[in-house]
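Comments concern the structure below.
The values are calculated or read from the model by the stated rules, or taken from the named source; none is laboratory data. The model shown is predicted, which means the values in this text are computed figures rather than measured ones. Every residue, glycine among them, receives a Cβ derived from its backbone with ideal geometry; neighbour counts consider all protein chains shown. With ligands, DNA and RNA removed, areas are computed over all heavy atoms of the protein, side chains included. Shrake-Rupley method; radii C 1.70, N 1.55, O 1.52, S 1.80 Å.
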Number of protein chains: 2
Amino acid sequence: MTTLRSPTETLARFAAGLRFGDLPAPVVRRAEDLLVDWFGSAIAGHGARPVETIAAFAREMGPATGPSEELVGRTRSSPYFAALVNAAASHVAEQDDVHNGSVFHPATVVFPVALALAQALGSSGERLLAAAAAGYEVGIRVGEFLGRSHYKVFHTTGTAGTLAAAATAGHLLGLDAARMQHAFGSAGTQAAGLWEFLRTAADSKQLHTAHAAAAGLMAATLARDGFTGAQQILEGPQGMAAAMSHDADPRRLVDGLGTRWALAETSFKFHASCRHTHPAADALLQVVRAHGLRAEDLEQVTTHVHQGAIDVLGPVVDPATVHQSKFSMGTVLALAARFGQAGLAEFEAHFSDAETQALRDRVRMELDAEVDAAYPKRWIGKVTVRTRDGRVLQGRVDEPKGDPGNTLSREEIGAKALRLAAFSGGASEAEMQAALERLWHVARVPAVGMLLGPGP
Amino acid sequence: MTTLRSPTETLARFAAGLRFGDLPAPVVRRAEDLLVDWFGSAIAGHGARPVETIAAFAREMGPATGPSEELVGRTRSSPYFAALVNAAASHVAEQDDVHNGSVFHPATVVFPVALALAQALGSSGERLLAAAAAGYEVGIRVGEFLGRSHYKVFHTTGTAGTLAAAATAGHLLGLDAARMQHAFGSAGTQAAGLWEFLRTAADSKQLHTAHAAAAGLMAATLARDGFTGAQQILEGPQGMAAAMSHDADPRRLVDGLGTRWALAETSFKFHASCRHTHPAADALLQVVRAHGLRAEDLEQVTTHVHQGAIDVLGPVVDPATVHQSKFSMGTVLALAARFGQAGLAEFEAHFSDAETQALRDRVRMELDAEVDAAYPKRWIGKVTVRTRDGRVLQGRVDEPKGDPGNTLSREEIGAKALRLAAFSGGASEAEMQAALERLWHVARVPAVGMLLGPGP
């Protein structure tokens, strides 16, 4: 006998029932990689004005101490505020991970919740990793379900992220399937985040991740105590898809649950910019390296992109801040051509200097049918370069650096985290080394404790 | 020379610049009426399970004390959590006010923020009333702007309510026009609330008002500290209307600012049910009274309604809880016919008894062209009653009881607040009398203090 379950119910049952032992070993290893990579991004938020403003709000409105670690201020608070601040922190450097098919950044909304609650509950590292996996699997599928029409207006990391956070929190709180479904209802009805802020480079991206983590944690905590939510918040006639998508496909919500590990499809970021710029940057680097070109040799660069890149990056024509310049295709390609990578240090020192601006204005985007059709499953990079001496050169990458088929090694991930901490000054190298040592072996830890403790 | 300002900017300038002295005397009086009416609804939330669950969350995650009064638990907290809990509390009895044209409940998201911040800042009663007026004028216009297509899927009190809360908080925090506009951006990008929960009578309505108040207060507090938001979150190409409406009209955002006082158009609730049921209930009461009918004389009642009533009430066919029955047209009309009103006490004792159910199932809704065309500006009530002895009788009201043209007196408002407190047990009659005395004359108070203090 088969019981007919709705996609939301099926997904909630999966999130509640997932156990560490269900995760294949390579998925566990990848989860550890993603955790370390996230930690570096969280520390990178130290000192960033929008993050520090949210941290100050948490100190003004929240308790003065608590069981959970707030990483940028090196203080402690309740799980709610620790998750709020750490989620704001880990997205600001634009170095956190991304899942291509869902155009969703899982780490920044999943791990702040996982760490805050694991610290509060004294959970094991295995529990933390299983809860994070639940968050990744749920959030990625919700992002895929909401589809491309959703992403045109909504910041999927804010919306799908609320569900991912609820799944993570609900898992650590030990919710059964019914309460997990209520948590999803309470999360989805708070899901929010609009792209409008990009037009003026406002601070909303940090607010979106903070909000998603906090609202998801709240939804799960309320469900633990019997608070009810909609039963079909995702696919119901007045649910998220009805409200926020024109091309939602409910089959994506349950695609390969328990056999397909979406977590392992997640990409690391190499360049410190919006992911939509990475395929073209890598394709340009290919041309530049193959032909030994210098930045001043480039007469014009045409990037052949998917519509989503044009939607997100198109409005950014004359970036006024470092953060906004990370959404400028021209700036990113100019830095890549000049320095071989567009990292935090390159942005900070050169995002608006004359040479970057000159090259930036010689870069344009063109919609490409092949790239657009492959997106978001594959992020193909294609560029056409016209050189000053009249050559026309093509560059192409099928998997940008950091994608699962072109992933970062553990050495590269650790080194990236150290670079991020050094850049922000959020933790010393010795502190980072000690924390990373714990995190690489978190699966063996009986109770997740503090990672940094009070600052120096 | 005229500067071209966007509607969002114009609205933000108005909210920041509004002064108590700008409010005509009748608007001030009406604001006091609405404050007292809200206070009764907030106390009515005492003991309600969803409210108490949110209050427990606030105690678990928030500070143990603070400058602001949490009214249902009779404790104190930071303004953030006091606003969160009081907003959850004041919507659960379905007795709080409503603005017809925007289908928006202003009090439940405006006054919790106004009270919490006024207490924290030591603001005068005049400041509190001016801030509340800013919240009403902004929230109502945003609700009107988002329009009917928005309300089909979104709970406008959750979405527009976030802007109303931000305007109220921003006003008390003394934001200038530019920072108010940033606060609007941060509020609108967190705006959320879906009707999907109604299908299973879940607890989300309390979460929506709690979320709106808290997110709006957070948006304004962040803006005070320099956090930026989208400049055109309302009408921009990736803003709220683009995301959540098909019939948004930006002219509604600035309609009569400073001359038309939308606050004074707000209606008080007489019946303790969803406002969509009130016109028909009053029309039925007219027939019943005019012809001396008893409930058992009614063979069939056809209500002639607007589409919004069908959208919201249609899914509720067999209400399982008191709260769900407030969204059942049949239940509300049955209680009105049996007892002359559908108040809290009638719902609690009779929402599902045999006589109510029998009459409930003889009530149906039919879309009416005249009623639908007038809505949401006017909420006309029309019923056709067929009696057991074969008569066909028509009832009609053009303004249901509590509307501005058929408003409640101060005696009726005060008595309603006392009834609500007696029903919930949230405050004694003496405590309520003392608090109401303060609130009726709040405009004279130099610093808004505690209203109830710790419980007995």
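Summary of values
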{"read-out": "Degrees separating the helix A:329-339 axis from the principal Cα axis of chain A, which is the longest one", "value": "70"}
{"read-out": "Pair A:D255, A:N406: separation of 7 Å Cα→Cβ label points (nm)", "value": "2.2"}
{"read-out": "Area hidden from solvent between B and A (accessible, protein heavy atoms only, 1.4 Å, total, Å²)", "value": "4900"}
{"read-out": "Cβ-vector label at 7 Å, A:P404, separations to other copies in nm", "value": "5.9"}
{"read-out": "18 Å Cα-Cα threshold exceeded, pairs from B:K326/B:K377; A:K269/A:K416; B:K269/B:K377; B:K377/B:K401; A:K377/A:K401", "value": "B:K326/B:K377"}
{"read-out": "Shortest-first nm distances, A:V392 label point to equivalent points in other copies (7 Å, Cα→Cβ)", "value": "7.7"}
{"read-out": "Average silhouette area of the stretch B:97-169, convex hull of alpha-carbon atoms, in square nanometres", "value": "4.2"}
{"read-out": "Chain A - charge dipole about Cα centre, Lys and Arg +1 at Cβ, Asp and Glu -1, debye rounded to 20", "value": "420"}
{"read-out": "Percentage relative contact order, the stretch B:239-375, counting C-alpha pairs under 8 Å, at least six apart", "value": "29"}
{"read-out": "Space enclosed by the convex hull of the alpha-carbon atoms of chain A, per residue, Å³", "value": "130"}
{"read-out": "Computed E for B:D225/A:R5 - FRET, C-beta separation, R0 51 angstrom, nearest 0.05", "value": "0.65"}
{"read-out": "Three-way shape label, the stretch B:275-401, alpha-carbon gyration tensor, a/c 1.5", "value": "oblate"}
{"read-out": "Global geometry of the stretch B:7-265, whether rounded, prolate or oblate, following the gyration tensor of its Cα atoms and the 1.5 cut on a/c", "value": "rounded"}
{"read-out": "Angle in degrees between helix B:49-61 and the longest Cα principal axis of chain B, rounded to the nearest 10", "value": "20"}
{"read-out": "Chain lengthening between A:A358 and A:A64 when straightened (0.36 nm per residue, less Cα-Cα)", "value": "100.9 nm"}
{"read-out": "Amide H partners (placed H, <5 Å) of B:L194, local residues excluded", "value": "B:H155"}
{"read-out": "Span per principal axis, largest first, for the Cα atoms of the stretch A:328-456 (Å)", "value": "60, 36, 20"}
{"read-out": "Inter-centroid distance (Cα atoms) of the stretch B:221-268 relative to the stretch A:33-107, Å", "value": "30"}
{"read-out": "Karplus-derived HN-Hα couplings along the stretch A:69-81 (A = 6.51, B = -1.76, C = 1.60, θ = phi - 60°), whole Hz, x at Gly and Pro", "value": "8, 9, 7, 7, x, 6, 10, 10, 7, 6, x, 4, 7"}
{"read-out": "Three principal axis lengths of the stretch A:367-436 [C-alpha, angstrom, descending]", "value": "50, 34, 19"}
{"read-out": "Residues along the stretch A:168-192 losing 30 Å² or more of accessible surface when the other protein chains are present rather than the chain by itself (probe 1.4 Å)", "value": "A:T189, A:Q190, A:A192"}
{"read-out": "Gain on full stretching of the segment that runs from A:H246 to A:H291 - 0.36 nm per residue minus C-alpha separation", "value": "11.8 nm"}
{"read-out": "Residue-span extension gain [B:T321 to B:R29] - 0.36 nm each, minus C-alpha spacing", "value": "101.5 nm"}
{"read-out": "Trypsin sites (Lys or Arg not before Pro) within the stretch A:225-299, DSSP loop, no more than 14 other Cβ atoms inside 10 Å", "value": "A:R260, A:R294"}
{"read-out": "Cα-based shape type of the stretch B:103-142, given that a ≥ b ≥ c are square roots of the gyration tensor eigenvalues and the cut on a/c is 1.5", "value": "prolate"}
{"read-out": "Largest-first principal axis extents of the Cα set of the stretch B:202-260 (Å)", "value": "36, 31, 29"}
{"read-out": "Amide H within-cut-off set for B:F104, under 5 Å, with H built and near neighbours excluded", "value": "B:H99"}
{"read-out": "Calculated FRET efficiency for the pair B:S149/B:R388, C-beta based, R₀ 35 Å, to 0.05", "value": "0.25"}
{"read-out": "Between 0 and 90°, nearest 10: helix B:125-151 axis offset from chain B longest Cα axis", "value": "60"}
{"read-out": "Per residue convex hull volume, Cα atoms of the stretch A:112-249, in Å³", "value": "93"}
{"read-out": "Volume of the Cα convex hull of the protein assembly as shown, divided per residue and given in Å³", "value": "165"}
{"read-out": "Pairwise centroid distance, computed over Cα atoms, of the stretch A:155-201 with the stretch A:356-372, Å", "value": "34"}
{"read-out": "Average accessible area per residue (Å²) across the stretch B:318-456 - probe 1.4 Å, nucleic acids and ligands excluded", "value": "46"}
{"read-out": "Calculated label separations, A:G425, copies of the chain, 7 Å along the beta-carbon direction, nm", "value": "5.8"}
{"read-out": "Neighbour-limited loop hits for trypsin sites (Lys or Arg not before Pro), the stretch A:1-101 (at most 12 other Cβ within 10 Å; DSSP other than H, G, I, E, B)", "value": "A:R19"}
